[in-house]
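See below for the structure under consideration.
The values are calculated or read from the model by the stated rules, or taken from the named source; none is laboratory data. Remember, predicted model here, so these are calculated numbers, not experimental data. Please note: Cβ atoms are built from the backbone with ideal geometry, for glycine as well, and neighbour counts cover all protein chains shown. Just the protein is used for accessible areas: all its heavy atoms, side chains included, with ligands, DNA and RNA removed. Shrake-Rupley method; radii C 1.70, N 1.55, O 1.52, S 1.80 Å.
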Number of protein chains: 2
Amino acid sequence: MPTPPPPTGPAGLHDIRETNLGSVLRAIREGAPCSRAEVAAATGLTKATVSSIVTELIDRGLVRESGATAERRVGRPGVMLSLDDRGFVALGLEVNVDYLTLVAVDLLEREVVALHEPFAARDAGPEECAARLADLALRALEEPSLAGRALLGVGVAVPGMIDAAEGRVYDAPNLGWRNVPLRAWLRELLRKGGTPDVPVLVDNDANLGAVAEYRGGHLSHTPDLVYITGEVGIGAGVLVGGALLRGSTGQAGEIGHIPLRRGGPRCGCGRRGCLESLAGIDAILRQTVPDLVPAGPLPGTDLAAAVAATVERAQEGRGAVQRALRRSGTWLGRGVATLANLVDPDVVILGGYFAPLAPWLLPACRAAVQAHAIAPRRGGLRVEVSELGLTAAARGGAAALIEALDTGRTPPPSPASR
Amino acid sequence: MPTPPPPTGPAGLHDIRETNLGSVLRAIREGAPCSRAEVAAATGLTKATVSSIVTELIDRGLVRESGATAERRVGRPGVMLSLDDRGFVALGLEVNVDYLTLVAVDLLEREVVALHEPFAARDAGPEECAARLADLALRALEEPSLAGRALLGVGVAVPGMIDAAEGRVYDAPNLGWRNVPLRAWLRELLRKGGTPDVPVLVDNDANLGAVAEYRGGHLSHTPDLVYITGEVGIGAGVLVGGALLRGSTGQAGEIGHIPLRRGGPRCGCGRRGCLESLAGIDAILRQTVPDLVPAGPLPGTDLAAAVAATVERAQEGRGAVQRALRRSGTWLGRGVATLANLVDPDVVILGGYFAPLAPWLLPACRAAVQAHAIAPRRGGLRVEVSELGLTAAARGGAAALIEALDTGRTPPPSPASR
DNA sequence: CCAATTAGTTTGGTTACTGAACTAACGAGG
DNA sequence: CCTCGTTAGTTCAGTAACCAAACTAATTGG
């Protein structure tokens, strides 16, 4: 009972319609195919209200009637409803140190198009990178499988500190970006490319990874969930009751730089013993495949290959490699335990390059979590591995747009805009 | 944009009224004395709507008209509104290792009655303690200054892990409590004492301390705020956007047991090097006034005196004492930095017994935060000292009840119940 | 073919907000 | 002193959204 906050404007009839549009849409997403009557039961709304709302959703192209019921029960059969997966797409993009990724999903969050290209973002600079992103998006929209679909919006994941409200990248050290107004740039580039004006959403890769896991991963619908990126940096996206924890300056979840080991190795941030310097991909590669990585900042382009080499050597049974991975796993576990003590999630998901390394990282990580997380927890904290691969953040970008629809926050697009 | 969560029932006309009742109540709280027209301007609602809502609030005894305006401006003068501080009280209680505290506040959250008594809760056991709490509440309600007031509810702070929804204390190691259905007990005791059935709210002392600071402290209205208890345990109450961060099992904010120093001193939880074992009041007293504290668990009853002795010795200029405090301050700072990296609050407030020790703890603490928190923060994290003393948690218990009114979540009490 | 059952729509009623017109109370200026 | 301009608050008609209940529709089972 002692919770919700003040920040509210005046509430009007409009808000309640919005809320209920969202409820019905969600009910259909979860129950499809289902009848209006079932939706009414699921949401607690009246049949009459559901009818009215469903009509509106159909008008807007979000829902469709898909024939009569299959079941043969007594009584009039209901007409089945499902999300209309034909009319819309949402694009998710990710910039990272060594690649660009695009995922296009339909209303069901099924992947319709996926593009991936290696790209040394650090060398190219932000302008060039934005141009490539826009180009990727425009190319995707040309694909035959997207023909005739209306664009719901574009969600972009960037590894760094973001002002999501403004769509600006404050600081992305691993890309060498500072104060980049990415949303504005992309808006402009997309307009020039002939795309109608749509929402462009910019967010941290860890945050969007968490959204992707929440909405689409194998652990989905766990509302208190943390996603940890295993890229060059380590970041955490924290979902609390299904909502992103952003913090006062939008920098919550900066798990990479919590101090773990006094006098530990020097970190990119200038301090010593940060989690990132002990368990970041950079640190791991330098210990496991020192012959494949140069000194100085990682150029990135062959990160995936280097990680694959590490996996190979570990599988060969090289003790030194396995020990190094276990050590990193232990540090990671200490970091996760700290996070768990403060935020108390249900599950922590290791993503990015941590996923392929999980066979060696995970046991040590779990043991360390067990040892350091506060004791007798009902249920207990789970530490799991992502199955979304390197597209997690991009998927999250797209998923965030779908979610906005689901909650009724963004009013569903009007038929005119299609 | 990528945030709010699913958990919503059907929205109806009722909800919007509730929301707006809350908005108007808050506007009056912040603007009083103010006219209906001013409230309309502040909330964005129509004059007509405001009139209707204000009438309802007056009927319910929450608001009153307090004469005409003082200002002499052209035009018809408005009739001034303020919260009616005469009709209601909310009680806040706190159990701690060495004392019980009660605070009664009116709608303006002004203290109407305060009771404090030393009490060795650990020795007495939970039943006895609940009885004493109920007795304290009943005694308070007899006070002449509360005569004729209706009771809004009772909020109880307990240092331990709480299921706030059920009002049950899972585990309070420092009290020696396990699985105590405190709400049920208190409900029963209060009923026997002849009190009408009111909401009884049980929560963690750190959480309620945070609520108290948010609503009444000198840093109030900072929506991203962390309150740290300095009692026998160290706990953090985390407010995110004005709402409590609870976590999946209600155990968020367990900052006391984050591992800071490998091979550090043994902690009560069985591990080594927890923050609590390095900077808890227990640890501090054992280093600064070893002659005044026995071995074994602190009996508690003279904690205040022992802390006072520490302050005295530090003021006398004893180097060893000052050094010990600085050391603890530094560890505290490392803990705060970790918390800040993960949760990104605006301000961290040190409460409880940390407050009197702040002159020595705070500089070291701030320095450590500066050194370990992630670098270039807009505005920067503030670390401040609570001014609420040992009543913070109890005040928070009462404040949480007032807040429930303010948000319209709890429907304002009907005139009948007064 | 009719009863029972379930689905969906229609209708009438209630609740809350809005906008606009109206009444009320005051200062200022002739 | 009276009128005008100004601001406060109320009243009233209108609209939007919900709900409950009655109604229509489409089946199965006897």
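Close Cβ contacts (under 7 Å, 6 or more residues apart or on different chains) running from residues in segment A:28-46 that are touching a residue at least 60 places away in the same chain (Cβ under 8 Å) to residues that are open to solvent by less than 40 Å² (accessible area, probe 1.4 Å) comprise A:Arg29/A:Leu83; A:Arg29/A:Asp406. Just so you know, in segment A:143-159 the residues that are without any contact (Cβ under 8 Å) to a residue 60 or more places away in the chain and under 19 Å from A:Thr391 (Cβ atoms) include one that is surrounded by the fewest Cβ atoms within 10 Å (Cβ to Cβ), and it is A:Ser145. Of all residues in segment A:167-184, none are among the polar types (S, T, N, Q), touching an Asp or Glu at 6+ places or on another chain (Cβ under 6 Å) and within 12 Å of chain B (Cβ to nearest Cβ).
Could you check segment B:338-348 and list, in sequence order, the residues that are part of a helix (DSSP H, G or I) and either facing chain A (nearest Cβ under 7 Å) or surrounded by fewer than 24 Cβ atoms within 10 Å (Cβ to Cβ) (or both)? Within segment B:338-348, B:Thr338, B:Leu339, B:Asn341, B:Leu342, B:Val343 meet the criteria. Output the residues belonging to segment A:249-296 that are in contact with a Pro (Cβ under 9 Å, 6 or more places away or on another chain) and charged (D, E, K, R). Those that are in contact with a Pro (Cβ under 9 Å, 6 or more places away or on another chain) and charged (D, E, K, R): A:Arg271, A:Arg272, A:Asp282.
From the list B:Val97, B:Val113, the lone residue that is in a strand (DSSP E or B), more than 14 Å from chain A (Cβ to nearest Cβ), away from DNA strand D (no atom under 16 Å from the Cβ) and of a type in the set (A, V, I, L, M, F, W, C) is B:Val113.
Of all helices (runs of 4 or more DSSP H) completely enclosed by segment B:246-327, which ones contain at least 1 residues that are open to solvent by 20 Å² or more (accessible area, probe 1.4 Å) and more than 14 Å from chain A (Cβ to nearest Cβ)? Because the criterion is at least 1 residues that are open to solvent by 20 Å² or more (accessible area, probe 1.4 Å) and more than 14 Å from chain A (Cβ to nearest Cβ), the helices (runs of 4 or more DSSP H) in segment B:246-327 that meet it are B:281-288, B:303-315. With respect to the conditions (1) within 11 Å of chain A (Cβ to nearest Cβ); (2) open to solvent by 20 Å² or more (accessible area, probe 1.4 Å); (3) not polar (S, T, N, Q), B:Ala236 falls short on a single one, namely (2). Among the residues of segment A:349-373, the ones that are assigned to a strand (DSSP E or B) and within 11 Å of another protein chain (Cβ to nearest Cβ) come to 0 in all. Within segment B:49-69, being over 23 Å from B:Thr407 (Cβ atoms) and free of Cβ contacts under 8 Å to residues at least 24 places away in the same chain holds for B:Glu65, B:Gly67, B:Ala68.
The residue list A:Ala131, A:Ala114, A:Ala124 contains one member that is within 19 Å of A:Leu190 (Cα to Cα), open to solvent by 20 Å² or more (accessible area, probe 1.4 Å) and over 21 Å from the mean Cα position of the chain (by Cα), which is A:Ala131. Evaluation of B:Pro199 against the conditions (1) within 12 Å of another protein chain (Cβ to nearest Cβ); (2) open to solvent by less than 50 Å² (accessible area, probe 1.4 Å); (3) touching a strand residue (DSSP E or B) at 6+ places or on another chain (Cβ under 6 Å) shows that the sole unmet condition is (2). Against the conditions (1) part of a loop (DSSP other than H, G, I, E, B); (2) out of contact with any helix residue (DSSP H, G or I) (no Cβ under 6 Å at 6 or more places or on another chain), B:Leu175 satisfies every one except (2). When segment A:213-233 is filtered for residues that are of a type in the set (Val, Ile, Thr) and either at positive phi or surrounded by fewer than 24 Cβ atoms within 10 Å (Cβ to Cβ) (or both), only A:Thr222 remains.
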